[in-house]
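Everything below concerns the one structure shown next.
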Amino acid sequence: MTELAGVEISQHRQVCVVIPTYDNAGTVAQVATAAHAYCQNVIVVDDGSNDETPAILKGLECQGITIVSHDKNRGKGCALKTGFLKAMEMGYSHAITMDADGQHYPSDIPQFMDCIERYPDAIIVGSRNLESENMPGKNTFANRFSNFWFTVQTWHQLADTQSGYRAYPLKKLTGLRFLTSRYEAELMLLVLAAWAGVELRTLPINVYYPPRGERVTHFRPGMDFLRISVLNTVLCILAVVYGWPRMILKKIKP
């Protein structure tokens with residue numbers, strides 16, 4: 001790592017940062033620019049924004065940030081898939097994903113870089129302090145719900161299966177063609193990876209949740225929780241007929 005203007009810059013040219021965004025005109029420029037200060041390779045995926053985001057992203061493109069746009073809103077899962085495919089096309093080995101709403105601190109990127117160096121074949125999951133100030137109650141409940149079913153489906157325990165701040169080894173991603181379109185896609189990525197024997201690591205991260213009146217979120221508590229519940233039902237069935245047998249075979253295989 002080298003230092004420029006007081007900021008540590010990663011020289012690891014095989015790692016990129018993927019930032020999906022939808023109607024985050026108030027925060028996306030600051031998030032992407034700050035991420036670019038820590039990692040020279042930044043890909044922003046505009047998921048069909050209807051606000052000023054597209055105009056803002058044109059300015060970011062002039063700064064060397066790669067912009068990929070959907071013609072209409074397709075969901076976070078589709079935006080992540082687009083970002084991963086673009087990263088592979090550009091020859092990157094790893095992608096660090098972070099949200100565009102300002103809740104994730106770009107200053108944690110060097111920690112992810114260090115973990116990638118130590119565990120190049122592992123998915124690194126940023127773990128939030130779910131008891132932190134201003135953490136929405138529905139987030140805590142949804143995360144505990146997701147954590148429980150993740151353990152049932154994979155026999156692995158993770159403290160924060162809902163965190164979007166992660167590092168993925170792109171060659172280890174499986175099931176991208178089956179990835180769901182919305183928020184539950186991030187849970188699906190973890191489950192499929194665990195079944196495939198990919199190592200999962202956690203990394204404590206900082207998180208910022210603004211006061212209730214200032215929050216911008218596209219999470220739909222009723223519909224998205226229903227989608228997560230349906231996905232968990234499907235994954236539990238698949239765990240019995242596919243996931244568990246595969247994990248058992250990996251354990252007994254010499």
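Let me know the shape class of region 69-207, please: from the alpha-carbon gyration tensor, a ≥ b ≥ c as square roots of the eigenvalues, rounded when a/c is under 1.5, otherwise prolate if a/b is greater than b/c, or oblate.
Values: a/c = 1.22, a/b = 1.19, b/c = 1.02.
Rounded, since a/c falls under 1.5.
Taking amide hydrogens as placed 1.01 Å from N in the peptide plane, the amide H of residue 49 sits under 5 Å from those of 23, each at least 5 positions away in sequence or on another chain. Listed values for region 111-126 are Karplus-derived 3J(HN,Hα) couplings in whole Hz (6.51 cos²θ - 1.76 cosθ + 1.60, θ = phi - 60°), namely 5, 5, 4, 5, 5, 4, 5, 7, 10, x, 9, 9, 8, 9, 9, x, and x replaces Gly and Pro. Computed from phi, the 3J(HN,Hα) profile of region 196-205 under the Karplus parametrisation 6.51, -1.76, 1.60 (θ = phi - 60°) reads 7, x, 6, 5, 10, 10, 10, 9, x, 10 Hz, with x in place of Gly and Pro.
In this view, the solvent-accessible surface of residue 141, computed with a 1.4 Å probe and all protein chains in place, comes to about 120 Å². With the whole protein complex present, residue 155 retains an accessible surface near 120 Å², based on a 1.4 Å probe. Rolling a 1.4 Å probe across all protein chains gives residue 72 an accessible area of roughly 130 Å². Put 152, 240, 28 in order of accessible area, highest first, and with a 1.4 Å probe you get 240, 152, 28.
Amide H contacts of residue 40: 10, each under 5 Å away and 5 or more positions distant or on a separate chain (H built 1.01 Å from N in the peptide plane; Pro and chain starts excluded).
The values are calculated or read from the model by the stated rules, or taken from the named source; none is laboratory data. Only a predicted model underlies this, so the values are computations on that prediction, with no experimental measurement involved. Areas reflect the complete protein model, heavy atoms only, side chains present, ligands, DNA and RNA absent. Shrake-Rupley method; radii C 1.70, N 1.55, O 1.52, S 1.80 Å.
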